[in-house]
Amino acid sequence: MDIIEFNLNHTDQEFHPEFASDQRNFEICLNQTKLSSVDQKHLLNKTRQWGGELGIDKTLKQYDLDALIVADTLYALVMMASAAGYPLISVPMGYKQLNGQPFGLIIAGTSWSEPMLLRIAHGFEQVSRVRDQRRPPYAAP
């Protein structure tokens with residue numbers, strides 16, 4: 001509740017006017033039915049299993065991959081990795097023509113794969129040089 005109120009009372013600090021604020025997830029969480037601690041633990045374990053062992057790990061193994069690379073709009077991967085406690089890294093890919101908003105790639109791996117993810121991200125940035133092209137229009141100089 002405090003986060004929602006703060007964001008609403010300080011929209012000039014929290015939200016850039018060109019990009020809509022999306023507090024729906026905060027509001028949904030606030031209005032959820034309370035779960036017992038046993039149910040919470042069960043749900044957490046299932047979520048970790050689906051994000052890790054049956055999600056990211058299974059996909060990496062099935063296709064013999066070191067990492068998964070997706071557009072930063074594929075939030076399902078972010079949720080899976082977060083649930084499993086797996087690392088993610090985001091790298092810039094360009095700017096939307098419509099409004100200049102930056103967009104990027106998300107690179108995800110299994111547990112303890114941070115060195116591999118950093119090598120992949122560094123290689124992509126060295127080739128793409130997106131950061132050298134320009135700054136987002138709303139970024140401070």
(message) Just checking, does the range 115-132 include any residue being more than 16 Å from the chain's Cα centre (by Cα), in contact (Cβ under 8 Å) with a residue 12 or more places away in the chain and closer than 27 Å to N25 by Cβ?
(response) no
(request) Please go through the range 57-103 and pick out each residue that is without any contact (Cβ under 8 Å) to a residue 24 or more places away in the chain and over 21 Å from G123 (Cα atoms). (result) K58, T59, K61, Q62, Y63, Y75, A76, K96, Q97, L98
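Quick one: would you say P87 is at pLDDT 95 or above and either surrounded by 14 or more Cβ atoms within 10 Å (Cβ to Cβ) or more than 30 Å from Q40 (Cβ to Cβ) (or both)?
Values: at pLDDT 95 or above: yes; either surrounded by 14 or more Cβ atoms within 10 Å (Cβ to Cβ) or more than 30 Å from Q40 (Cβ to Cβ) (or both): yes.
Yes: the conditions hold for P87.
The values are calculated or read from the model by the stated rules, or taken from the named source; none is laboratory data. Here the structure is a predicted model, which is why all the values come from computation and not from measurement. Every residue, glycine as well, gets a Cβ built from its backbone with ideal geometry; the counts of neighbours run over all protein chains shown.
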